[in-house]
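Take a look at the structure below.
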Amino acid sequence: PGLLGIRDLSAPDFGDSVSSDPGDVPVFWACGVTGVEAVQSAHLALAFTHAPGCMFVTDVKGQSAGPAPEHREEGEEGEAGAPEVVCVSQDPLRYSLVSVGAASAVHALERHVQLDPGSRGIKHLHVPGELLRAALSLSHSRSVLLITGFPTHVTQQPPEETDGPPGALAMAAALRALGKRVALATDARAAGLMRDIVTDALREGVLDEEVPVVTMEGRGQDAARAFLLEDGPEGPTPRYDHLVAIERAGAAADGCYYNARKINIGHLVDPLDELFWLARDTRGVSTTGIGDGGNELGMGRVSEAVRAHVKNGDVIACAVPADFTITTG
């Protein structure tokens with residue numbers, strides 16, 4: 001208690017006195033604002049507190065949750081409505097809460113989307129539990145940028161694959177329903193097409209309101225900073241706190257962009273990868289990559305598996321990693 005300025009538990013400056021026995025661990029429960037300040041001023045090696053907008057309250061007893069997910073036997077489930085704690089990331093160390101039932105449903109969905117109709121070997125790229133971790137991270141976001149566009153059909157017009165944009169729109173609709181701010185990013189060359197797709201989605205009722213389509217001007221980290229960051233009272237702050245690449249062309253180790261047939265499509269691709277590199281060094285910004293072949297943005301985290309198990313993987317493997325990597329056939 002002394003670290004927080006409480007010299008005597010029986011006579012605190014604020015609040016009620018506390019009776020404690022030897023061996024008891026006192027817990028300082030402050031309001032959402034002062035709790036953060038108290039913990040920061042204490043300079044502790046490890047501490048936990050709540051913050052404005054980050055408090056969790058439940059009427060379900062935690063002890064009814066059963067074993068934590070990592071300690072359950074295969075097929076064993078906890079009580080569906082009980083909460084469980086999930087480690088979302090190690091660096092920075094972040095945890096989130098989800099009901100056992102919701103977690104089980106997400107894990108089941110993750111297993112289903114590992115179907116590989118194209119026999120591309122995506123099972124070797126799968127990171128178990130990543131879908132739940134990405135979903136929980138997104139649940140804490142306020143503003144999300146969805147990046148899509150893979151111009152693989154170089155002899156056709158337009159050259160875009162057709163799985164990325166619909167997936168991006170589905171995510172946009174879901175995130176909007178959760179109250180998130182959402183924008184779509186693609187190549188400047190394809191921005192008009194993407195805006196037409198958004199217009200159709202509005203007309204068909206897929207979207208409840210227009211989602212802006214944005215592009216990045218220029219190349220390199222300066223262009224990425226101008227796109228991702230905006231000036232705030234305490235310095236540059238991110239416009240988005242989560243970047244999601246959905247079937248988006250990603251740069252290989254040689255800096256080129258390849259389709260599955262090893263054709264360099266770089267002349268059709270804007271370097272939106274730079275946003276993922278910048279996000280790695282920007283506090284408060286997470287990234288997710290979704291793909292089905294290993295040459296998509298964000299697949300750099302499993303690039304060794306891509307090179308070993310995916311056809312042409314030694315050439316096409318994306319070298320740009322994401323915090324969360326989701327494979328789906």
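The residues of region 28-41 that are in contact with a helix residue (DSSP H, G or I) (Cβ under 7 Å, 6 or more places away or on another chain) and either modelled with pLDDT of 70 or more or not in a loop (DSSP other than H, G, I, E, B) (or both) amount to a single one, 38. Within the span defined as region 5-27, every residue fails to be modelled with pLDDT under 70 and in contact with a helix residue (DSSP H, G or I) (Cβ under 6 Å, 6 or more places away or on another chain).
Contact annotation: residue pairs with Cβ atoms under 6 Å, 6 or more positions apart or on different chains, pairing a residue in region 200-224 that is under 16 Å from residue 186 (Cβ atoms) with a partner that is loosely packed, with under 12 Cβ neighbours inside 10 Å, are 215/188. Each residue in region 211-225 was checked for being of a type in the set (A, V, I, L, M) and more than 19 Å from residue 269 (Cα to Cα), and 1 of them qualify. Answer with yes or no whether residue 101 is small (Gly, Ala, Ser) and at pLDDT below 90. No, not satisfied.
Conditions tested, residue by residue: (1) in the same structural domain as residue 136 (by TED's automatic domain parsing); (2) under 16 Å from residue 325 (Cβ atoms); (3) part of a strand (DSSP E or B); (4) at pLDDT 85 or above.
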position	(1), (2), (3), (4)
73	no, no, no, no
80	no, no, no, no
84	no, no, yes, yes
89	no, yes, yes, yes
94	no, no, yes, yes
105	no, no, no, yes
108	no, no, no, yes
120	yes, yes, no, yes
124	yes, yes, no, yes
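The values are calculated or read from the model by the stated rules, or taken from the named source; none is laboratory data. Given the structure is predicted, the values throughout are model-derived calculations rather than measurements. Positions of Cβ are generated from backbone atoms using ideal geometry, with glycine treated the same way; all protein chains shown enter the neighbour counts.
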